[in-house]
Amino acid sequence: MAMRPAIMWMGKLYPPIWREKELEPAEHFAMLKEMGIDGIDIFARASDQYGVDTLAGALDSSGLECSCYYIAADLVTDEAEKVPIADEAFPKGIENAQTLGASVVFTHGSQHAHKGEDNFQRYIDRLGEKLQLFKGTDLTLVIENAGFLLHTGDDMARACEVLGDEGLRLCPDTGNFTLWGVDVMDAVTKCMPWTVHFHIKDYAERSDEDGSVRGKEAILGQGVTPVAEVYEMLHKQSWSGWTAWEPGPQDEDGITASVQELLRLIG
């Protein structure tokens, strides 16, 4: 598989309202396909809202593919009422991913809420448990750089040095590296041996106040994140897989411009 363009179903695109018109998933997916997008990263909330069979039908009718399926789960918490919720999310998520034809599953919800070495170790332990559920499937579990817990290239590489043999792989997020003041090219390079999926995000600016990082997302290609350099490296390495642009507060014109830039970068 060559490098292919995808989009995360979030930001201005979720719920699917385009120029004040509310769209059904099939209409929405067809519109994205017409724009040149091949895949869509689908969150569990969309399956809960529309039903996984409805989304599968929308994919089939539009020609769009599920580039990644997302499982929301806090794997670090030890609160008695929350641990079972995380445990139940994975079997359901695996089933939904298979129904939608995804080959990559992304788990989120742990990194932003926790920090510190003890929590990092618990995260690794719990990821190891969940990876056993993927044995015998055609699905690959990925994590991203995010939050206090896991925001550097070294953090990401460290996770795969422990769990790579169990099948864990990485989904670097270019914008999240920028947000945390990390050297993007250095961090992505460290992730590359285990990278099978990408989140592409561009920030116009970032700030760090009292240990809290904030940023303003840009139209792709118009910010400070070196997305062009990332793609140049991917082309040089003949990397193949989905690169999914992550929409934020951009309006319809901003989304269109960002998709056009994504297609240009993939080239």
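The values are calculated or read from the model by the stated rules, or taken from the named source; none is laboratory data. Every value quoted in this text rests on a predicted model; they were computed, and no experiment measured them. Cβ placement follows ideal geometry from the backbone for every residue including glycine, while neighbour counts extend to all protein chains displayed. Heads up: the accessible areas ignore ligands, DNA and RNA and are worked out on the full protein's heavy atoms, side chains in. Shrake-Rupley method; radii C 1.70, N 1.55, O 1.52, S 1.80 Å.
A DSSP coil position with no more than 11 other Cβ atoms inside 10 Å describes the following GluC sites (Glu not before Pro) in the stretch 11-41: GLU20. DSSP bridge analysis restricted to the chain gives an antiparallel fraction near 25%, rounded to the nearest 5. Within the shell defined by Cβ-Cβ distances under 12 Å, the residues around GLY248 carry a net charge of -1, with Lys and Arg each +1 and Asp and Glu each -1. Between TRP18 and LEU23, the built amide H atoms are under 5 Å apart, and every one of these is 5 or more places off in sequence or on another chain. From helices alone, the chain scores -13000 deg cm²/dmol at 222 nm; the rule is -39500 (n - 2.57) for each run of n ≥ 4 DSSP H residues, then divide by the residue total. For the chain, a Gaussian network of Cα nodes joined below 10 Å ranks GLY136, GLY254, GLY153 by mean-square fluctuation, and the top entry is GLY136. Between TRP245 and ALA6, ILE7, MET8, ILE200, the built amide H atoms are under 5 Å apart, and every one of these is 5 or more places off in sequence or on another chain. Applying a DSSP loop filter and a limit of 10 other Cβ atoms within 10 Å to the trypsin sites (Lys or Arg not before Pro) in the stretch 7-65 leaves ARG19.
Ordered from largest to smallest accessible area (heavy atoms of protein chains, 1.4 Å probe), the residues SER110, SER240 come out as SER240, SER110. Of GLU205, GLU79, GLU129, which is the most mobile in a GNM of the chain whose springs link Cα atoms less than 10 angstrom apart? Looking only at GLU205, GLU79, GLU129, the largest GNM fluctuation is found for GLU79. Within a straight-line Cα-Cα reach of under 18 Å, LYS236 can be paired with the following lysines, leaving aside sequence neighbours fewer than 8 residues apart in one chain: LYS190.
Remark: the stretch 136-150, residue by residue, has Karplus-estimated 3J(HN,Hα) of x, 9, 9, 9, 10, 8, 10, 10, 10, 7, 6, x, 5, 6, 8 Hz, where x stands for each Gly or Pro and the curve is 6.51 cos²θ - 1.76 cosθ + 1.60 at θ = phi - 60°. Shape class for the stretch 198-250: prolate, because the ratio a/c of the largest to smallest gyration tensor axis (alpha-carbon atoms, square roots of eigenvalues) is 1.5 or more and a/b beats b/c.
Amide H contacts of VAL196 (H built 1.01 Å from N, in plane; Pro and chain starts excluded): LEU170 sit under 5 Å, all sequence-distant by 5 or more or on other chains. All Cα-Cα separations within the stretch 1-158 were binned at 5 Å from zero, giving a P(r) of 2, 8, 17, 20, 18, 15, 11, 7, 3, 0, each value a whole percent of the pairs. How large is the Kirkwood hydrodynamic radius of the chain, counting all unique pairs of alpha carbons, in Å? For the chain, the Kirkwood estimate is 18.7 Å. Entry comment: accessible area of the chain is 43 Å² per residue, from protein heavy atoms only and a probe of 1.4 Å. Ignoring any ligand, DNA or RNA, what whole percent of the accessible area of the chain comes from carbon and sulfur when the probe is 1.4 angstrom? For the chain, the apolar C and S fraction of the accessible surface comes to 46 percent. Of all the options LYS115, LYS236, LYS82, the one that moves most in a Gaussian network model of the chain with Cα springs shorter than 10 angstrom is LYS236. Phi-derived couplings, Karplus 6.51 cos²θ - 1.76 cosθ + 1.60 at θ = phi - 60°, listed residue by residue for the stretch 2-8: 6, 5, 10, x, 9, 9, 7 Hz, with x used for Gly and Pro. For the stretch 48-93, the fraction of C-alpha pairs farther apart than 18 angstrom is 45 percent.
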